[in-house]
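S.K.: One structure coming up, written as structure tokens, with questions to follow.
Nothing in this text is a laboratory measurement; each read-out follows from the coordinates by a stated rule. This structure is a prediction, so every number in the text was calculated from the model and none was measured. Note: ideal-geometry Cβ built from the backbone for every residue, glycine included; neighbour counts use all protein chains shown.
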């Protein structure tokens, strides 16, 4: 073993001198937290992973910057970067937990040229340990770690399953060509579809939290999380919508849309994407969801976009999958949520 590898085995990264955090066990790389100076090379690493794995969505630079700006997850403790002898990032991991939550999200990956050497398992073990530490510090005895994986990513799935993590939910990506006829769906008198604006942003956030309070896997979006949503470069305000009840002035339903500039390369077509769609309980059963989707399609098409896309929880009891199919959306690929109880 080279002297460099021997030194790497001794490296730890610490959130503070009094509470050192262990580095991943792999000694093939040097491990340290991710900081702002790493964003571009970190993004390049994710690009190399995407070229090999061919996902239908790839994290943008803004997503990585958001990780480092979160007030709820300290990048000095909750991220790790493995760099080679030349300082090039070859692997990373991150753990995210909302205050008081029993759920930790794991996010990570390994450069394709460095896979099959146990690095991915080492990163995941670090994520599990870091989540345990955070739950213990918060007095939470039974936390769990959730990881989202695309169905076609066999190596990632095998890694998680080897640790005892199991699939708890399936999700389907769907798309719809916009050269198909877009339905004209009327909504009740007194309800009006309006374009998203800063004036209604907070009301839409609260409507989202209410609409999703009974949805599997959803946690309320606080002001910081919502801020990151609406300042993201992919967010499209002019494609995002709300249904306003004229009698009360309340937001009854909403649709938040985005555009990935890489969609043509990744999917073979440009795609306007519905990130969030919800109807508050008091206004359900009035065709607001399909009306919002149809209006979004018209706006996508007016801007020269070729397809409309969205993702759906295939076990959602609201019947969302059937609704989307009736509107002409068809499945493209699936992903799953794995969970590991700590």
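S.K.: If you take every DSSP beta bridge whose two residues both sit in the chain, what share of them, in percent to the nearest 5, is antiparallel?
M.R.: The antiparallel proportion sits near 90 percent.
S.K.: What do you get for Rg/Rh of the chain when both radii come from the Cα atoms and Rh is the Kirkwood radius?
M.R.: Across the chain, the Cα-based Rg/Rh ratio is 0.99.
S.K.: Once a ≥ b ≥ c are taken as the square roots of the eigenvalues of the Cα gyration tensor of segment 172-334, is the result rounded (a/c under 1.5), prolate (a/b larger than b/c) or oblate (a/b not larger than b/c)?
M.R.: Cα axes put segment 172-334 in the rounded bin.
S.K.: Arrange the following residues from fewest to most other Cβ atoms within 10 Å of their Cβ: 312, 83, 123.
M.R.: 83, 312, 123
S.K.: Mean shadow of segment 63-156, computed from the convex hull of its alpha carbons, in nm²?
M.R.: Here the figure is 6.9 nm², rounded to one decimal.
S.K.: So what is the calculated 222 nm ellipticity per residue for the chain, using -39500 (n - 2.57) for each DSSP H run with n of 4 or more, over all residues, to the nearest 500 deg cm²/dmol?
M.R.: Theoretical 222 nm ellipticity from helices: -10000 deg cm²/dmol.
S.K.: If one takes the longest principal axis of the Cα atoms in the chain, at what angle in degrees, from 0 to 90 and to the nearest 10, does the Cα axis of helix 198-211 lie?
M.R.: Helix 198-211 sits roughly 80 degrees off the main axis of the chain.
S.K.: For segment 115-221, what does the alpha-carbon gyration tensor say about shape, rounded, prolate or oblate, given a ≥ b ≥ c as the root eigenvalues, a/c under 1.5 as rounded, and a/b over b/c as prolate?
M.R.: Since a/c reaches 1.5 but b/c is at least a/b, the shape of segment 115-221 is classed as oblate.
S.K.: Dividing the alpha-carbon radius of gyration of segment 195-271 by 2.2 N^0.38 Å (N being the number of residues), what value is obtained?
M.R.: This ratio for segment 195-271 stands at 1.23.
S.K.: Could you tell me which of rounded, prolate or oblate describes segment 3-164, using a ≥ b ≥ c as the square roots of the eigenvalues of the alpha-carbon gyration tensor, with rounded for a/c under 1.5 and, failing that, prolate when a/b is larger than b/c and oblate otherwise?
M.R.: rounded
S.K.: A further question follows. Mind giving me the nanometre distance, one decimal, between the label points for residue 44 and residue 62, set 7 Å out from Cα along Cα→Cβ?
M.R.: Taking the two extended label points, one gets 2.4 nm.
S.K.: Select from 47, 217, 282 the residue whose mean-square fluctuation is largest in a Gaussian network model of the chain (Cα-Cα springs shorter than 10 Å).
M.R.: 282
S.K.: Further question: Fewest Cβ neighbours within 10 Å first, please rank 125, 86, 179 accordingly.
M.R.: 86, 179, 125
S.K.: Follow-up. Output the 0 to 90 degree angle, nearest 10, between the alpha-carbon long axis of helix 39-53 and the longest principal axis computed from the alpha carbons of the chain.
M.R.: Helix 39-53 and the main axis of the chain meet at about 80 degrees.
S.K.: Among 147-157, 186-196, how do they line up from the highest to the lowest mean number of other beta-carbon atoms within 10 Å? List each step's numbers first, then the result.
M.R.: Details: 147-157: 16.2, 186-196: 13.8.
Packing order, densest peptide first, comes out as 147-157, 186-196.
S.K.: Taking only Cα atoms, what is the 0 to 90° angle, nearest 10, from helix 288-302's long axis to the longest principal axis of the chain?
M.R.: Rounded to the nearest ten degrees, it is 80.
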